[in-house]
Amino acid sequence: MNSDINEVNTETGKVRKIIPSRGLTAPGGIAVYNNSLYVADTNSYRVLNRKTGRIKQTLRSIVTPIQNPLNVSVNEENAIVSSWFADTVQRLNRETGDVLNTYTGFNIPYDAIELSDSSILVANCGNGQITQILDKNGKNRRIVASDLSCPTGLARVDEDTVLVTESLGNRLSLIDLKTGKHQVITSNLSSPEGVAYHPEGIAVVADVGTQSVKAINITTGKTVTLKKNLPIGLPGFPSGPPPYSFTGITLAKNTVYIAGDIDNSIRTVKIKPKIKAFLGLKGWRHKVRKSHED
C-alpha cells in the first residue's frame, strides 16, 4: 500500500527499509478544500498539504471502513469517496475521515458529489445513468439522467446543473438536475475522465486518450489544451471497465491539479489570462455558491 520494500529479520522482527515509499501509490480522484488536497489513493485515503506536498493524514483500506477509494469530492463538511472496484459510495467527515454512511447497489460508480441538500449524485458508467441518493440511509433514490455513454466524472456548476464526462462517448455534457436533459458541450474529446469547473465558465477536463488536460468554454465548446504528454491513462485488465483507473482533476482558483496514475504524481498547471481570452471569457461570470478552493 505504500509502494516500498522492507527487509524483515524473522528472528528479531527488525525491519530495514530497502526502497522507501515516494508517497502516493495509485492516485485517482483528487479534491481541494482550503490548503488541503484530498487524494483517493486506491488503497488509502490521504490528505496532503497542497502547497508543500506533505502527507498530513493516511487512512488505509482493510484496517479502516474506507473501501478502496478511487475518487473523492469534498465540501464544507464532508468528503464523498467512490469505488467501482468495491461498488461503494461513502460519506466521510472531511476533517476526521470517519465514515458516516456507506452505500452500495450501483453499476460501476466512477464519481460521486454531494449537493447542498445533502443528496449525492453518482455517475454509473455501467448503465449510463446518473443516480441521486436522496436520504441518509440510501434507500430513496432516483435516476436523474440516462442514455449517457459511460458517465465518468462530475462537477457542479450551480444548484441545478452539473458537468459530466462521458468516457466512451468522448463527450462533455451539461445535465439539468430538474429535467434530466443533457446538452452536449463538445464531442471532440478522447476518453475524458476527471472534470472540474471554474466559475468563469470553464470546464477543465482530463482527456486521457490524448494524455492531456483541456480547458473548455461551456457555452461555446471552444477548447484549448493546457498541458500535453501527461502520465495519465494507466491501462486496466481485460475484464475491467474501459476507463479503469480514474484520472482526477481539481481547481484552486486558477491552479489546476492533475493526478498522474502512471507515475503516481500530482502536477499543476495555471489557467492564465491569455487562455481565458482565447476562450472568449473576458468579463464572463456565472453565479455559483462561494467556493472554498482558494
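The values are calculated or read from the model by the stated rules, or taken from the named source; none is laboratory data. On a predicted model such as this, the values are computed, not experimentally measured, just so you know. Neighbour counts run over all protein chains shown; Cβ positions are idealised from the backbone, glycine included. SASA here: full protein model, heavy atoms, side chains in, ligands and nucleic acids out. Shrake-Rupley method; radii C 1.70, N 1.55, O 1.52, S 1.80 Å.
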Original post:
How big is D, in µm² s⁻¹, for region 99-185 by Stokes-Einstein at 20 °C and 1.002 mPa s if Rh is the Kirkwood radius over C-alpha pairs?
Top reply: 168 µm²/s
**OP:** Could you state how much accessible area D160 has, in square angstrom rounded to the nearest 10, with a 1.4 Å probe and all protein chains kept in place?
**Re:** 60 Å²
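Could you please put S146, S119 in sequence from largest to smallest accessible area, using a 1.4 Å probe?
Details: S146 45, S119 0 Å².
Most to least solvent-accessible, the answer reads S146, S119.
Longest exposed-loop-site-free stretch of the chain, with GluC sites (Glu not before Pro), DSSP loop and at most 15 other Cβ within 10 Å? Write out the running numbers ahead of the final one.
Working: sites that count: E11, E76, E77, E95, E159.
In short, 160-294.
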Original post:
Considering the values (i) 39; (ii) 31; (iii) 21, which represents percent of Cα pairs over 32 Å apart as calculated for the structure under consideration?
Top reply: (iii)
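Could you list the trypsin sites (Lys or Arg not before Pro) in region 160-224 that lie in coil according to DSSP, counting only those with at most 14 other Cβ atoms within 10 Å of their Cβ?
Values: sites: R171, K178, K181, K214, K222; in loops: K178, K181, K222.
Qualifying residues, ordered by number: K178, K181.
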**OP:** Could you state how much accessible area C150 has, in square angstrom rounded to the nearest 10, with a 1.4 Å probe and all protein chains kept in place?
**Re:** 0 Å²
**OP:** Quick one: which residues, 5 or more positions from R50 or on another chain, have an amide H under 5 Å from its amide H? H modelled 1.01 Å from N in the peptide plane, none for Pro or chain starts.
**Re:** S36, L37
Subject >> Expected 222 nm ellipticity per residue - DSSP helices of 4 or more, -39500 (n - 2.57), all of the chain, to 500 >> reply: -500 deg cm²/dmol
Original post:
In whole angstrom, how far apart do the alpha carbon centroids of region 112-156 and region 180-259 sit?
Top reply: 19 Å
Original post:
Between D261 and residues 5 or more places away or on another chain, which pairs have amide H atoms under 5 Å apart, with H built 1.01 Å from N, and which residues are they?
Top reply: G233, L234
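Going by the alpha-carbon gyration tensor, a ≥ b ≥ c the square roots of its eigenvalues, is region 18-118 rounded (a/c under 1.5) or, if a/c is not under 1.5, prolate (a/b greater than b/c) versus oblate?
Values: a/c = 1.88, a/b = 1.26, b/c = 1.49.
Cα axes put region 18-118 in the oblate bin.
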Original post:
How much solvent-accessible surface does K276 expose, in Å² to the nearest 10, with a 1.4 Å probe and all protein chains in place?
Top reply: 30 Å²
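Relative contact order for the chain: what percent, with Cα pairs under 8 Å and sequence separation of 6 or more? Walk me through the numbers on the way to the answer.
Details: 796 pairs, mean separation 34.9, N = 294.
So the answer I get is 12 percent.
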Subject >> Accessible area per residue in Å² at 1.4 Å probe, computed on the chain >> reply: 46 Å²
Original post:
Pulled fully out, how much extra length does the chain show between S239 and L168, if you take 0.36 nm times their separation in residues and subtract their Cα-Cα distance?
Top reply: 24.0 nm
